[in-house]
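Trainee: This structure is in structure tokens; I'll ask about it shortly.
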């Protein structure tokens, strides 16, 4: 038994655990870089076209929450999507939220959705490429369910994993972030635990436009 190798592994895991709590979010999306967010948006043009279609087809939406609005690509570049609607953008980055407030007339909130207590519910809750980096996938999805009155559209950009039984979370120490492969099997269990029936949600694949298959979760409350 190589004791030194064991101790090295223990120290590494302890370091990752501590830094996962204290340095989480020291990455590009922590900054108010509108150009960076715009590029990410444009690189995933088929995904965003699909979402815009989804939004326009649902005529009974009056209130919208975007969980992880970043520097406001939707609220600024695509603000016409929300004409006549009450839009709220939420993000963990104070810099991004301040940027949004300066460049948009919509409502914005800074905070960690997983830890926040939000009383208001919204007709539509949507989130793009956020669940891929959260530190608690199931709680994040559960929070979105709890805030959704009618509809939810949730995107995981890192892939579509129908055969993955459990989420795979990888902590990267170089940028202080989790990189998650989201299990569709486990997501289904989470949705059921949150009271949704089988006919109230769809977990499907979606092309992004650059040959990458992503995950989309659609929720439609019926009961």
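Trainee: If we keep just the residues of region 165-192 that are modelled with pLDDT under 95 and outside any strand (DSSP E or B), which is farthest from residue 136 (Cα to Cα)?
Mentor: Looking at residues that are modelled with pLDDT under 95 and outside any strand (DSSP E or B), I get 174.
Trainee: Please find, among 81, 47, the residue that is part of a helix (DSSP H, G or I), crowded, with 18+ Cβ neighbours inside 10 Å and at pLDDT 95 or above.
Mentor: Selected residue: 47, the only one of 81, 47 that is part of a helix (DSSP H, G or I), crowded, with 18+ Cβ neighbours inside 10 Å and at pLDDT 95 or above.
Trainee: Further question on the same structure: Being surrounded by 14 or more Cβ atoms within 10 Å (Cβ to Cβ), without any contact (Cβ under 8 Å) to a residue 60 or more places away in the chain and either assigned to a loop (DSSP other than H, G, I, E, B) or touching a helix residue (DSSP H, G or I) at 6+ places or on another chain (Cβ under 8 Å) (or both) is the requirement here; does residue 76 meet it?
Mentor: Spelling it out, residue 76 is indeed surrounded by 14 or more Cβ atoms within 10 Å (Cβ to Cβ), without any contact (Cβ under 8 Å) to a residue 60 or more places away in the chain and either assigned to a loop (DSSP other than H, G, I, E, B) or touching a helix residue (DSSP H, G or I) at 6+ places or on another chain (Cβ under 8 Å) (or both).
Trainee: I've got another one for you. For region 89-121, name all the residues that are in a helix (DSSP H, G or I) and buried (at least 20 other Cβ atoms within 10 Å of the Cβ).
Mentor: Passing the criteria: 96, 97, 99, 100.
Trainee: Considering only region 50-69, state which residues are closer than 13 Å to residue 150 by Cα and in a strand (DSSP E or B).
Mentor: Correct list: 63, 64, 65.
Trainee: Can you tell me which residue in region 152-164 is surrounded by the fewest Cβ atoms within 10 Å (Cβ to Cβ), limited to those that are assigned to a strand (DSSP E or B) and under 15 Å from the mean Cα position of the chain (by Cα)?
Mentor: So the residue we want is 153.
Trainee: Go over the candidates 222, 193 one by one and state the one that is touching a helix residue (DSSP H, G or I) at 6+ places or on another chain (Cβ under 7 Å) and more than 21 Å from residue 68 (Cβ to Cβ).
Mentor: After ruling out the rest, the residue left standing is 222.
Trainee: Right, here's the next one. Enumerate the pairs (first residue in region 127-152 and at positive phi and touching a residue at least 40 places away in the same chain (Cβ under 8 Å); second residue anywhere and buried (at least 20 other Cβ atoms within 10 Å of the Cβ) and not in a helix (DSSP H, G or I)) with beta-carbon separation below 8 Å, excluding pairs fewer than 6 apart on the same chain, so at least 6 apart or on different chains.
Mentor: The qualifying pairs are 129/44; 129/68; 129/155; 129/156; 129/157.
The values are calculated or read from the model by the stated rules, or taken from the named source; none is laboratory data. Remember, predicted model here, so these are calculated numbers, not experimental data. Don't worry about glycine lacking a Cβ; one is built from the backbone with ideal geometry, like all the others, and counts go over all protein chains shown.
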